[in-house]
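Read through the structure below, which is laid out as structure tokens, and then see the notes.
Bear in mind that the values in this text are calculations on the coordinates, not laboratory data. Every value quoted in this text rests on a predicted model; they were computed, and no experiment measured them. When we count neighbours, we look across all protein chains shown, and the Cβ atoms used for this are built from the backbone with ideal geometry, even at glycine.
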Amino acid sequence: GAVVSQHPSWVICKSGTSVKIECRSLDFQATTMFWYRQFPKQSLMLMATSNEGSKATYEQGVEKDKFLINHASLTLSTLTVTSAHPEDSSFYICSAYKFPTNEQFFGPGTRLTVL
Amino acid sequence: AQKITQTQPGMFVQEKEAVTLDCTYDTSDQSYGLFWYKQPSSGEMIFLIYQGSYDEQNATEGRYSLNFQKARKSANLVISASQLGDSAMYFCAMREGRRSSASKIIFGSGTRLSIRP
């Protein structure tokens, strides 16, 4: 199957700093990518839909100025957590939509810990 | 708005037994897709099985089968001959719209399955 990578796989940062997470589709072009957040022992919650070359669509309750999404190419979307706080500590997972098979492939996730 | 409900937070099953994980959904769309994913402790999301709303037959993938009852809006996952490696979180998920669309996938709360040796 297709492969989606995330970098870094884990990151620890200080409160107030910004962290960038990359999501790459390695062997296919993804016009649409999705970003999810998963707190411990909870489900995946969709944060935003990222479309190549256009602004991301954020889910209700997700601060677009805090979670900056850039989908500058067909194989790369980035999520930047700005001015991170301990409550932003979570597991962030991306998925990429593959056309024409219409499948979605998930990345391995990035574990963010904000001290 | 679409909604996925998984009413079993946790289940224990004896190895080699079959297990059914429940999932009900709610949507006003006529065209939608239902998924099951497995998430082991590593965190990766592993795709198991897909059922389209217009598919007439229940989907099967190896030891996994999806018991799709459209009128009841249920999409239960059946795992036959469970193995120790099946211990993980299992999520039911739904995407509205035809499969040929990059629509978002929404997840249920999950069921933690533990297989006893």
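Where the only charges are on Cβ atoms (+1 Lys, Arg; -1 Asp, Glu), what is the dipole of the protein assembly as shown about its Cα centre, to the nearest 20 debye?
200
Could you pull out which residues in segment A:1-44 have an amide N less than 15 Å from a spot 7 Å beyond the Cα of A:Ser54, following the Cα-Cβ vector?
Output list for this probe position: A:31-34.
Residue farthest toward the positive end of the dipole of chain B, with Cβ of Lys/Arg at +1 and Asp/Glu at -1: which of B:Tyr37, B:Ser65, B:Ala18?
B:Tyr37
Using R₀ = 30 Å, calculate the FRET efficiency as 1/(1 + (r/R₀)^6) where r is the Cβ-Cβ separation of B:Lys3 and A:Lys14; round to 0.05.
Numbers: r = 38 Å, r/R0 = 1.27.
According to the calculation, E is roughly 0.20.
Ordered by residue, what ³J(HN,Hα) values in Hz, to whole numbers, does segment B:29-46 give under the Karplus form 6.51 cos²θ - 1.76 cosθ + 1.60, where θ = phi - 60° and Gly and Pro are x?
Once rounded to whole Hz, the list reads 7, 7, 10, 7, x, 10, 10, 10, 10, 10, 10, x, 4, 5, x, 5, 9, 10.
Can you tell me the dipole magnitude for chain B around its Cα centre, using point charges on the Cβ only (Lys, Arg +1; Asp, Glu -1), in Debye to the nearest 20?
Dipole about the Cα centre, nearest 20: 140 debye.
Given the convex hull of the Cα atoms of the protein assembly as shown, what is a quarter of its surface area in nm²?
It is 12.6 nm².
Strictly greater than 22 Å: what percent of every Cα pair in chain A meets that?
Everything past 22 Å amounts to 26 percent.
How large is the charge dipole for chain A, taken about the Cα centre, if only the Cβ atoms of Lys, Arg (+1) and Asp, Glu (-1) carry charge, to the nearest 20 debye?
My answer is approximately 180 debye.
How much length is gained on full extension from A:Ala2 to A:Ala72, taking 0.36 nm per residue of separation minus their Cα-Cα distance?
The A:Ala2-A:Ala72 span can extend by a further 23.2 nm.
Would you mind giving the three semi-axes, in whole Å and largest first, of the ellipsoid equivalent to chain B according to its Cα gyration tensor?
Values: eigenvalues 116, 41, 31 Å².
With the √(5λ) rule applied to chain B, the semi-axes are 24, 14, 13 Å.
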